[in-house]
């Protein structure tokens, strides 16, 4: 048994090396994700620490790199060695109804620390326990009776696991709720809820501990809900024209281990089972200084809070923290070549520890591609010089790193886009299936009560909800010590008759000294928000900086003292800035399932620490209020939102002025083959 | 002479037919732009209406289609004929210091109306008069003396024409101001202003009427300002990798005259010398109703207001209305294949009436291309069904219509993007060159006074300014009568202990009855803004609608009674809705040069007309506050902003569920040739 799993692991490891590390110039980067071998070693060490007879209840809920100190990484990067850096793992496990935290020294194969977590909240759910839990009702007599009572077919029932949140109650059990669906001639289960049944499962005991069948509501019809091409009835259409991107010189980027080099950018890309893609040590080449300069030490999703807005019995608790409760990384979808990513994409695999601690491979977890979208990097036509016409224009190109995570019904397309101009665009695309509630109504005219959503088709309400994605961005603008500056645009009135103008606006800059001064509700006051390095200035005397350019913004509308809002208090502001603290990674807290909101960005920030000329972390929230509409049925066309980090006096001048345009090419003799 | 110009015209006309109208199924669409023949006919008729001996001072400032009544167009479209529809031209001319307006019947070759405009404001500037005016200083002795005094080289001087605005003065002359630049070893004139000189030109008399040399300020150095590739000193870079899009079946769209058909969209594209691209009668195919349904009757830029924020002597008046004062259409740049538009783009030419009334051809004024940017139209991976893994995903594709307009220093990339899901994305990209002011300073530490901008390099201030683009969108959501609905998201408190939740939000919808109820400042209150057809409902009972999804927003910060703000009062709100009125096209007024703000969107709206269930027009403003930074020097990397119109219960269900994905193709045997 041990032999078999080792040889399987070895095979995976070989593939891993072959796929993404063909010509690595270093043995291991200090920020590399744990390799399958390291994951397995962690498992062995953790397992061996328990009495050997008794490890059947041991489950792994998070295993990831225990991030080395920033100072160590910086000095290692200044002088990288072929010798691997010290490597540590953080493992979070459940054993005998307790949450254990381990720090493992991988080189010495030893336990550095071991701790039982006794606070509120539980770790990220495992996939096995959910799979096991959702089968429980199918053998549970009262449920079978409920299904029979409704005239439904038990073999068409599929249940799904939902975290329960916290609403002030005292509870010391790790529980989830189940909702079941009648998946009749469709794979689109989420649109066919069996309403009126409350099922609570104790995960540690793996049994149903509460069951209430409250009321019967018709299950919506399954007709027209299946989204598979093979199930579509004619007429089909419209038809997408065939197209492919051809790059005669191959991709313009190189992948060396986890390091990606492209044009003027170099960054490290790793995979984490909780947050998905992590961009580290992103630097950009400065043509004047002839060196790479740091922009982002580490950036990733910190949490995704999705509060539904239906306060009634079976829905009030639906206030999910998708990243911390379910795990963005362990719920990824393997990307499908040619449709999830274009034909010129290169793919990378990822690994995480499964519930038993063994490495699980996610093939094609990332794709990386150059986007040639037909945009313009910069241009000018000069029409003002007599007898001369000048046109200079450069086509835009960008590098996209993509991962897709699927938390039950919703698909989240996470894109990091790098531009030669120094911009980083961070985008999320939402697709997938609405969370709906079944109803007796068959026409909106019948509805005289509050239904907490949009009536989207017969017997179906698409529930109101929000998507709040918090990004943790440990920016290092040409160095570690940075400041957060609000360049407020202030209207000025002219009263001294020196000018025919009565007014203008100017910039009144304000450096945030402490955390409270950096909490921003966007959209209310005009301001440019800049992360600057106050210690380094351009030749002209401007501090090096990067601007935050927000997209559309939204904030939580819940009462501040409402339980979900206490747990998701980071949604009160769009922007936060904190001093760097290695332990402050997840805006909703480390143990967010059933958390009481004691370990959140809002709580950390209450200390109102100093942030001026410090190592600071920028937290930005993408917020989307979602009022469903019929077009979201049965599968939602992608809705995108995002933000941009853009150089602001970081360079002496445009870093793309001297960009070398591609040679104009005409293609000939191409033939298509299937 | 007459012969020569006729034969030249004929040649142009033949080319026109050949280029964009190869297989037209109709003779002429009622919304087609004036053909070169029609432009020339208009010129002849207008010219003949004046005493023949005296037409040397006759100049043409606008000639365009006099739009037929909407009811006529709609009935024509319902039953198109091969017979051309009646065609009328609107011509605005200057003759003997007067502004004349003509409506011409082109079929009958007759004048329908002729009118002398006696109100405030002047028509769009002509190119010839600007070219003539900017030469005046070079032969003007005091200016030559000023240049000599500054030790500059007269042969390197290039001047540029600037509209003067209106600041409460009484003036009955058509004047502009000139600013001159010392274009020393560069083509980047705008970065090298010769400061301290005021030059006022009377355009009708074509002479300098005021000249003041107030002070000497050093001209910034020209070194490093040239943006041409041929002038860049090594090291160059980074290098853009070669890439091209291949479409084995050719483009997926057809151009038939001015009608463009692509996937489920059909729309009309025309060119106007004032506003540039005009999208008309855009309809989308509804697979359930098996017919095309109307979305947008007519959409185009209405005005671009660019107020600079420097109230001092030589800068206070810089409050430009780029569309109405200079003309987006007559200042377009011919698009450069492979760099302004991708290799799979198709180009169209445009024509406008030059200052003498003769047609001027702009080759490649539009490009149209399918964007395959690597995005995802929709997707879902189903992980929740035991023992089954389902992944369905469709690649995104969109159709882009692009024009670039260049008003002196700034380049505006105007994109209309259509998606199969029904979305229309309207984007503007800003590139080009900053408007700067020369200064004595060589380091920002020296600056102890307000300089109204960012010190971006030696002797150079990049001035604060705004870009406010007003779009006029005559939406027709499946019919002419529409309403504007604010779906306000309102927080509700739960107090009756029926639920553990304390709060949620819900939608409280509000239909704007009159214009004042539809003026919106975005970002202050959460709401979904929808144009709906209250007369037509989905089977579920929801009104057909389209949502407006704003991008980043900004509004003018000027005092309401400041003169530029009176003229550009449309910048006080991001959204306005008016009842359809054929004459209300340009948010800053028809005669915006030196206007007094009496003919603007803000004034029209004061009547507070009814807009509920009427033929309504949506006005959306893209707003960008621009605090320059060093990266904007010497040429600004594109900064983009925009907004989306997206179906909201317009369809019964997702219109792209049954989209036919492209066959996966692998390309072989391609060879590149230069």
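Data table
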{"item": "Gain in span if fully extended, residue B:115 to residue B:148, counting 0.36 nm per residue against the direct Cα distance", "result": "7.1 nm"}
{"item": "Whole-Å distance, taken between Cα centres, linking region A:413-435 and region B:575-601", "result": "38"}
{"item": "MRE, 222 nm, helices only [DSSP H, n ≥ 4, -39500 (n - 2.57), over the protein assembly as shown, to nearest 500]", "result": "-3000 deg cm²/dmol"}
{"item": "Over region A:252-377, volume per residue of the alpha carbon convex hull, in Å³", "result": "175"}
{"item": "Amide N proximity, region B:119-157 versus residue A:385 label position 7 Å along Cα-to-Cβ, cut-off under 13 Å", "result": "B:156-157"}
{"item": "Rg/Rg_globular for region A:36-117, with Rg_globular taken as 2.2 N^0.38 Å and Rg from C-alpha atoms", "result": "1.22"}
{"item": "Shielding by other protein chains, B:385-394, mean Cβ within 10 Å", "result": "6"}
{"item": "Inter-centroid distance (Cα atoms) of region A:186-250 relative to region B:442-519, Å", "result": "35"}
{"item": "Region B:127-227 - Rg (one decimal) and Dmax (whole number), Cα, Å", "result": "13.9, 44"}
{"item": "Calculated FRET value between residue B:216 and residue A:493, using beta carbons and R₀ = 45 Å, to 0.05", "result": "0.90"}
{"item": "Whole-Å distance, taken between Cα centres, linking region B:614-652 and region A:347-363", "result": "42"}
{"item": "Per-copy distances of the residue B:596 label point, shortest first, in nm (7 angstrom along Cα→Cβ)", "result": "7.1"}
{"item": "Distances in nm from residue A:313 to the matching label points in the other copies, shortest first (labels 7 Å along Cα to Cβ)", "result": "8.1"}
{"item": "Efficiency of FRET between residue B:582 and residue B:537 - r from beta-carbon atoms, R0 41 angstrom, step 0.05", "result": "0.90"}
{"item": "Stokes-Einstein D (µm²/s) once Rh is taken as the Kirkwood radius of region A:543-588 over alpha-carbon pairs, at 25 °C in 0.890 mPa s", "result": "189"}
{"item": "Using a 7 Å Cα-to-Cβ projection, residue A:337 label spacings across copies, nm, ascending", "result": "3.2"}
{"item": "Packing-based exposure ordering (other Cβ within 10 Å, fewest first) of B:381, B:83", "result": "B:83, B:381"}
{"item": "A from B by rotation - nearest chain B beta carbon to the axis, in Å", "result": "B:523, 1"}
{"item": "Calculated over chain A: convex hull of Cα atoms, volume per residue (Å³)", "result": "227"}
{"item": "Overall dimensions of the protein assembly as shown as given by Cα atoms, namely Rg and Dmax in Å", "result": "32.2, 113"}
{"item": "Cα-projected label distance for residue A:289 with residue A:449, points at 7 Å along beta-carbon direction, nm", "result": "6.4"}
{"item": "Sites residue A:230 and residue B:598, calculated FRET efficiency, Cβ-Cβ separation with R0 60 Å, nearest 0.05", "result": "0.40"}
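No lab work stands behind these numbers, since they all come straight from the coordinates. Model, not experiment: these values are computed from the prediction. Positions of Cβ are generated from backbone atoms using ideal geometry, with glycine treated the same way; all protein chains shown enter the neighbour counts.
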